[in-house]
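Data first, discussion second: the structure below is written as structure tokens.
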Amino acid sequence: MPAAAAPGAGTPSAQFTPAQRRQAAWISLGAVALYAALRALPTGTNLHSGDFRVTGKDALEMCDPANPQFVPVIAARSPVTMTVEPQTGGGNRFLLRLATSSGQPIGPAELVEVHTRKLHLLIVDDTLGDYQHVHPEPTRHPGEWSFAFSPTRTAVYRVFADFTPAVTGRSLYASADIAIAKAERDGALPPAQRVELNAPSPSWENTRDGHHFTLTPSVQPVRAGQPVDLSFAITRADGGAVALEPVMGAFAHLVAFDSERSGFAHLHPNQADPLAPPDTVRPRLAFKLTIPQAGRYVIWAQVRPGGHEMFVPFWFEVAP
């Protein structure tokens with residue numbers, strides 16, 4: 001004889017009792033309240049992702065820091081406004097103000113640290129022959145930052161700001177110009193440290209301070225719109241070891257500018273661990289870059305061999 005079926009087997013589950021339904025409702029309400037409370041907790045910023053977005057034609061897209069690209073900052077509309085002016089008292093100090101398009105100030109609480117700093121300034125003159133990378137410090141006024149740099153000539157310098165809002169986690173940019181007068185320039189740097197103002201012929205090699213630098217593209221000529229791998233290597237003239245030290249959390253930073261200074265590309269080594277020590281005899285680092293338009297460009301490499309920070313330019317042409 002077959003065994004008797006268990007009570008309730010093969011029948012629909014019993015309906016919840018009124019008490020069970022009330023209990024489920026209270027649990028749901030508690031979960032919603034907890035979520036709302038967590039959302040209300042201080043995050044260090046009063047801004048939202050919408051404060052860093054613009055829509056429509058020529059809107060500046062926020063970029064993924066893991067996939068850097070050449071950013072057309074001047075032609076695009078940024079959701080961030082930036083102004084720069086000389087700081088009272090001189091001394092080659094300047095005040096920078098950052099705000100959203102709605103006027104909300106952007107201070108250190110609104111930004112996350114990327115490559116050891118919350119705000120990077122890439123400053124270049126109109127010949128592309130004087131490039132400096134500086135990091136401003138916040139003042140006591142919301143959205144205001146102070147920085148110093150040492151211009152080498154009377155010119156209009158362009159300042160590109162590179163930063164990552166905390167509420168988006170994606171890179172964003174802004175720009176402003178600084179007109180440097182002769183009085184501000186004189187004495188800024190000793191003659192031995194001043195750069196050549198005439199743009200040299202295109203070259204993927206450079207020698208400075210007893211070090212020979214090469215930047216080798218995977219294909220030549222470099223063509224607009226086509227990705228190119230770059231191999232950056234350093235050797236010492238005497239054949240000795242290169243004591244390469246990290247700078248901003250990596251062993252080299254590359255920044256590319258076009259002749260019109262319409263934008264830039266900020267590149268970092270393609271390696272899982274940016275602080276994995278390279279070969280000490282001939283350090284070699286890999287980068288990737290895509291240039292959108294044909295024309296003349298310069299890539300400035302920032303490195304620190306033997307504890308001495310250096311900026312090394314490589315001029316090149318991009319074919320159509």
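Rule-based calculations on the coordinates, nothing more; no lab input. Model, not experiment: these values are computed from the prediction. For neighbour counting, all protein chains shown are included, and Cβ atoms are generated from backbone atoms with ideal geometry for every residue, glycine included.
The table for this structure:
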quantity	calculated
Among 218-225, 243-250, the order from most to least packed when residues are scored by Cβ within 10 Å on average	243-250, 218-225
Residue order, fewest to most surrounding Cβ atoms within 10 angstrom, among THR214, THR152, THR280, THR88	THR88, THR280, THR214, THR152
q = 0.18, 0.21 Å⁻¹: log10 I(q)/I(0) that the Debye formula gives for region 245-320, counting C-alpha atoms only	-0.76, -0.96
Length-normalised contact order of region 199-319 in % [C-alpha pairs under 8 Å, at least 6 apart]	32
Point-to-point label distance, PHE311-ARG140, nm (Cα→Cβ direction, 7 Å offset)	3.2
Sorted by Cβ density within 10 Å, fewest first, the residues MET310, MET82	MET310, MET82
Stokes-Einstein diffusion coefficient of region 88-140, Kirkwood radius over Cα pairs, 10 °C, 1.306 mPa s, in µm²/s	120
Additional length obtainable on full extension of the chain from ALA148 to ALA237, 0.36 nm per residue less Cα span	28.7 nm
Cut-off 11 Å (backbone N to label point 7 Å along Cα→Cβ of ILE74), residues of region 244-269	258-264
Distant-in-sequence amide H partners of PHE264 (H built 1.01 Å from N, under 5 Å)	VAL71, VAL73
For region 100-117, 3J(HN,Hα) per residue [Karplus equation, 6.51 cos²θ - 1.76 cosθ + 1.60, θ = phi - 60°, Hz, x = Gly/Pro]	6, 5, 8, x, 6, x, 10, x, x, 5, 8, 10, 9, 6, 10, 6, 6, 9
Point-to-point label distance, GLU260-GLN87, nm (Cα→Cβ direction, 7 Å offset)	3.4
FRET efficiency, THR216 to SER102 (Cβ-Cβ, R0 45 Å, nearest 0.05)	0.45
Summed side-chain charge close to ASP229 - residues other than ASP229 whose Cβ falls under 15 Å, Lys, Arg +1, Asp, Glu -1	+3
